[in-house]
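Down below is the structure, laid out as structure tokens.
The values are calculated or read from the model by the stated rules, or taken from the named source; none is laboratory data. What you see is a predicted model, and the numbers here were worked out from it, not measured in a lab. Using ideal geometry, Cβ is built from the backbone for each residue, glycine included, and neighbour counts are taken over all protein chains shown. Quick note on the areas: whole protein, heavy atoms, side chains included, nothing else; ligands and nucleic acids left out. Shrake-Rupley method; radii C 1.70, N 1.55, O 1.52, S 1.80 Å.
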Amino acid sequence: MAVPLKKSDNITLSIRNLSKIFKGRDEKVVALDEVSLDVREGELFTLLGPSGCGKTTTLRCIAGFEKPTSGKIHFLGRDYTAIPPFRRNIGMVFQSYALFPHLSIYENVAYGLKTRKLPHREIEEKVDSILRMVGLEATRHRKSSELSGGQQQRIALARALVYNPQLLLLDEPLSNLDAKLRVYMREEIRRIQKQARVTTIYVTHDQEEALSISDRIAVMHAGRASQVGTPDEIYEDPNSIRVAAFIGQANFLECRVIKQARESLVLTFPSAEKITLKGISNRLWDFPHPEGVLFVRPNHMEIFPRPGKANTLRGKVKFILYLGSVVRHFIEVFQGRAPQEVLVDTDRRIKGVYEGEEVALGFHADDIRLFPPDQKDQLQKE
Amino acid sequence: MAGSLKEQLRKIELTPYLVLGLTLIILLVFIVYPLSRVVFNSFLESGDVPAIKNLTLANFSQFSRSTLYRSALLNSLTVGLLCVLFSCLLGIPMAYFVAKTEVPFKTAFITLGTLPLILPPFVGAYSWILLFGRQGVVNYFLSELFGFVLPDIYGAPGVIIAMSMSYYPFVFLLTYGALLSADPCIEESAEIMGASRLRVIRTVTLPLVIPSIAASALIVFMRAVGNFGVPALLGGNFYVLPTLIYFQVTGFFNLNTAGAIALVNVAMVGIAIILSQYVMARRSYVTITGTTQAARISSNRILKWVGTAFCLGVIFFSLLPHMTVIFTSFTEGWAGTRYPTKFSLENYRRIFQFCGTPIKNSLFLATTATLVAAVVGTLLSYISVRKRFRGRWILDLTVMLPFILPGIVVGVAILIGFSSGLIILSGTWMIMVIGFFIRRMPYIFRSTAASLSQIDVAVEEASTIAGATWATTFLKITLPLMAPGILAGAIISFSTLMGELSTTIILYSARWKTITVAIIEFLFSATIGPAYALGTILILMVLSAIALANRLLGRKMSQMFKMV
Ligand SMILES: Nc1ncnc2c1ncn2[C@@H]1O[C@H](COP(=O)(O)OP(=O)(O)OP(=O)(O)O)[C@@H](O)[C@H]1O
Ligand SMILES: [Mg+2]
């Protein structure tokens, strides 16, 4: 059953309840478990998740290299699963680049145009212009093995884009490059993708890369899409401890939740400290459990010299890292049996906060989220 | 509804199914069918119609009734085991010396040590008689100078010597490879723990190479018990199973009995395979890591000189028969007199007068069979490597089966399969091409599978996603990348087919005599000169094919034979 699409959404690719089960000799691997995603026209959509979560499998199902066990993939309203891969008009960049080793750079890029039986002149023009776009027009007669990793990467991108595919798939395209080149290339990819205006699905396990490059991100875990949203939604407003922990730095504190009249909440901590939050949003107010896990990003925490301030938690500064744009404080708090570490990021050094000193920690109602207690076990992982 | 079915069909690519399906049918018709017929027919008395009620063990009962059969069985076993023993005695020390000591000319030793594998054994075999036989050259001098002669080597000793000298390279090359790749740290740590050199060899080095030795021993055994030419020439009254099969086929045209003997021959090989698997499995704790660290080399001077002498000796004696062939081909009336009396090209003149057809036949048959094997073998290795499906091992086993089976058994199978029944091809060149092609396809299968598994699947997927159909991807991407593997396999296939005798001898007909048949006919009638002139031409053709392959592929000959 295809879900009818609203024109206004501009959704080009729609994945519904996609499941993929690999049957081994004696065990079954559920690589994808009822994944549903919608990708909008022209956007750079990222699949982000730890190793083995099913990103590549999703991509290969879209490309047609894997047959889904169940579920539907629709592209512009047409059932994709009935079309063989070579007719899907997709561009794909492989993790290993998979350039044709026996062909020259020119022939590599021209390959998809030749299979489309374009006239010779046109092929030449298109190849030249795409090579110019990736800045490698000088290498056209070389063999792929003679290029550096970054150059091969760009050739792979050019080869995938040259025939104006309707969809571009990139599987960890930067994982074989060194750190500096990775940062440069991800900006390049973003630039080229916007220039070509091609709907793109980008796979990575690097959360920083995902945040910086994507229009929207699907965070995947164990064959499921945990959350789909823009980078800031994912970062600021994760829908589970798992997503919160996977993206960026996060602090988690267990607490009890007591509701008071007029939209205010009292949180009590194992250390018997108490924080009252006023003027809270509906979502916090609607939190249905008597206890929960408080989530707050390090840059949303406040730090005060001297403990004992009202509505704060007591802690002790273990050490301070000065990272230039950020000052990171590692603070020990005593919540429950073992001491717990809390990170606090500030943009400058704070007077009176030194290593070994006791401090007070606070946060604002807008910056925190509460997660239900049954997600506690997600804390151990990662 | 009909329209949508048509639509559906158009969406599936049919080419791969058609091409690969056809390939599998070829496998069924040309390997599975004839081999099943042999098994079935060997339980039928000749003349009986194939029916379940006619099945009988009569053909096998010969082995309990006839002393000829029993002794042939025993002789085959003896030849096989002794060849393994001697091949090991020659090959293992030579491998050790080349891998682990400072002997000079290592590359030359390896190349020359590979040569006997390429040169057909039976071509040189008769030289042993010329040199060391009762009337042999060596005996002339011995009796003149010292007044004694060598014991007669005609019969069992000749057969065993000639085969061991031809097959020792298997042991040499495989053991050498294992010694090179064995992690030197293991030996070093044993030495640090205070083990003496000999103790290190016995307790550490040897166990490390045992699997390779077992594998090569198995190959030597298979080759030795399956060889027809050498015992036919040197055996005299010393019969082995292949010669027995030959007489059943050509003497009595009793294919069913031949089939039964063939089955016994195969059973012997089967038991050997199981035993060697057992040895290899039990030693599977060996860790042969692919370290880039060079093997540790002993700098002992005595070892160096002993090693050099040993290697030179082995190479000299193993190539002596073929050198004799070339030398003798330019003489007249030699062997039988003390010195060659006259050098001339008379032998060559004679063979070019009479033997143009066999040379042409051999070239035609070997080329055709190689081409067929290249096409089918490449497609089969593609299926095996790329289409991961359950029961893939059945495909692999079927393709490799003719490699394991003695050549003469394959010959009998093809003859039984295609001289009666649906397809009758006996007496044509086609039946020979079939035999050749299924026997050599394993070489191409292996070498193309090796190069295919080196190719990243993503490269083919990149082609598909760029819009190429299966056929385009296969032709433009996969095939060019597999080409070195195909070429290597094809050259080995071609050059060994030029010297093929065991299958040929069963399948040839008067119109389709090959060089090897011509040579063996000359030798049977003791017409040495022309036989050796033809032999020389054969050796030259084989060597130039291999040299060409080396040029094209930039690979060493010994590497090309690694897979054998
Ligand atoms: N061909 C296959 N056969 C069997 N299992 C497979 C196959 N391909 C993938 N899997 C399994 O499916 C799961 C998802 O694999 P997938 O390659 O999609 O992960 P991934 O998210 O791309 O991981 P990575 O970041 O390591 O590339 C894994 O558990 C993997 O072992
Ligand atoms: Mg992956």
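A few comments on the model shown:
- Every listed requirement among (1) surrounded by fewer than 22 Cβ atoms within 10 Å (Cβ to Cβ); (2) in a loop (DSSP other than H, G, I, E, B) is met by residue B:483 save one, (2).
- Qualifying residue in the stretch B:339-350 (condition: touching a residue at least 60 places away in the same chain (Cβ under 8 Å) and surrounded by 22 or more Cβ atoms within 10 Å (Cβ to Cβ)): yes
- Count of the stretch A:128-152 residues which are assigned to a loop (DSSP other than H, G, I, E, B), small (Gly, Ala, Ser) and farther than 17 Å from residue A:173 by Cα: 1
- Scope the stretch A:73-108; condition assigned to a strand (DSSP E or B) and surrounded by fewer than 16 Cβ atoms within 10 Å (Cβ to Cβ); matching residues: A:78, A:79
- All of (1) near ligand 1 (Cβ under 8 Å from one of its atoms); (2) surrounded by 14 or more Cβ atoms within 10 Å (Cβ to Cβ); (3) within 14 Å of chain B (Cβ to nearest Cβ) hold for residue A:54 with one exception: (3).
- If you check A:145, A:70 for being open to solvent by 60 Å² or more (accessible area, probe 1.4 Å) and under 30 Å from residue B:388 (Cβ atoms), only one passes: A:145.
- Checked against the criterion of being of a type outside the set (A, V, I, L, M), away from chain B (no Cβ under 13 Å) and within 16 Å of ligand 2 (Cβ to nearest atom), the candidates A:148, A:175 yield just one match: A:175.
- Considered as a group, the residues in the stretch A:239-259 that are assigned to a strand (DSSP E or B) and in contact with a Ser or Thr (Cβ under 9 Å, 6 or more places away or on another chain) include one that is nearest to ligand 1 (Cβ to nearest atom), and that residue is A:255.
- Some residue of the stretch A:46-55 being among the aliphatic types (A, V, I, L, M), in a strand (DSSP E or B) and within 16 Å of the chain's Cα centre (by Cα): yes
- Taken over the stretch B:406-450, the criterion of being open to solvent by 20 Å² or more (accessible area, probe 1.4 Å) and assigned to a loop (DSSP other than H, G, I, E, B) is satisfied by B:420, B:421, B:422, B:423, B:424, B:425, B:426, B:427, B:428.
- Applying the criterion of being surrounded by fewer than 21 Cβ atoms within 10 Å (Cβ to Cβ) and touching a helix residue (DSSP H, G or I) at 6+ places or on another chain (Cβ under 8 Å) to the residues of the stretch A:109-122, the residue that is nearest to the other protein chains (Cβ to nearest Cβ) is A:115.
- Unique residue being away from ligand 1 (no atom under 16 Å from the Cβ) and either assigned to a strand (DSSP E or B) or among the aliphatic types (A, V, I, L, M) (or both) when the list is A:210, A:272, A:225, A:218: A:272
- Residues in the stretch A:310-354 that are part of a strand (DSSP E or B) and out of contact with any Phe, Trp or Tyr (no Cβ under 9 Å at 6 or more places or on another chain): A:322, A:327, A:331, A:332, A:334, A:339, A:345, A:346.
- Single unsatisfied condition, residue B:475 versus (1) in a loop (DSSP other than H, G, I, E, B); (2) within 14 Å of chain A (Cβ to nearest Cβ): (1)
- Any hit, the stretch B:387-395, residues being outside any helix (DSSP H, G or I), modelled with pLDDT under 90 and either in contact with a Ser or Thr (Cβ under 9 Å, 6 or more places away or on another chain) or surrounded by 15 or more Cβ atoms within 10 Å (Cβ to Cβ) (or both): no
- Restricting attention to the stretch A:57-84 and to residues that are touching a Phe, Trp or Tyr at 6+ places or on another chain (Cβ under 8 Å) and within 16 Å of ligand 1 (Cβ to nearest atom), the residue that is farthest from the other protein chains (Cβ to nearest Cβ) turns out to be A:73.
- So residue A:176, is it at positive phi and either free of Cβ contacts under 8 Å to residues at least 24 places away in the same chain or surrounded by fewer than 20 Cβ atoms within 10 Å (Cβ to Cβ) (or both): no
- Taking the listed residues A:182, A:190, the one that is in a helix (DSSP H, G or I), in contact (Cβ under 8 Å) with a residue 60 or more places away in the chain, open to solvent by 30 Å² or more (accessible area, probe 1.4 Å) and assigned by TED's automatic domain parsing to the domain that holds residue A:210 is A:190, with no other qualifying.
- Residue in the stretch A:160-170 that is assigned to a helix (DSSP H, G or I) and more than 9 Å from chain B (Cβ to nearest Cβ) present: yes
- Residue check for residue A:60: assigned by TED's automatic domain parsing to the domain that holds residue A:195, within 16 Å of ligand 2 (Cβ to nearest atom) and without any contact (Cβ under 8 Å) to a residue 12 or more places away in the chain: yes
- Members of the stretch A:193-207 found to be closer than 18 Å to residue A:40 by Cα, part of a loop (DSSP other than H, G, I, E, B) and in contact with a strand residue (DSSP E or B) (Cβ under 9 Å, 6 or more places away or on another chain), listed by number: A:198
- You will find that of B:419, B:426, the residue that is polar (S, T, N, Q), in contact with a helix residue (DSSP H, G or I) (Cβ under 7 Å, 6 or more places away or on another chain) and at pLDDT below 90 is B:426 and no other.
Here's the yes/no breakdown for (1) on the phi > 0 side of the Ramachandran plot; (2) more than 14 Å from chain A (Cβ to nearest Cβ); (3) under 18 Å from the mean Cα position of the chain (by Cα):
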| site | (1), (2), (3) |
| --- | --- |
| B:428 | no, yes, no |
| B:431 | no, yes, no |
| B:438 | no, yes, yes |
| B:441 | no, yes, yes |
| B:447 | no, yes, yes |
| B:456 | no, no, no |
| B:459 | no, no, no |
| B:464 | no, no, no |
| B:470 | no, no, no |
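- Some residue of the stretch A:27-45 being at pLDDT 95 or above, within 23 Å of residue A:192 (Cβ to Cβ), more than 14 Å from every other protein chain (Cβ to nearest Cβ) and within 14 Å of ligand 1 (Cβ to nearest atom): no
- Count of the stretch A:311-339 residues which are of a type in the set (A, V, I, L, M) and at pLDDT below 85: 1
- From the options A:203, A:228, A:183, A:219, residue that is within 16 Å of ligand 2 (Cβ to nearest atom) and more than 26 Å from residue A:113 (Cβ to Cβ): A:219
- Test result for residue A:236, in contact with a strand residue (DSSP E or B) (Cβ under 7 Å, 6 or more places away or on another chain), open to solvent by 40 Å² or more (accessible area, probe 1.4 Å) and away from ligand 1 (no atom under 16 Å from the Cβ): no
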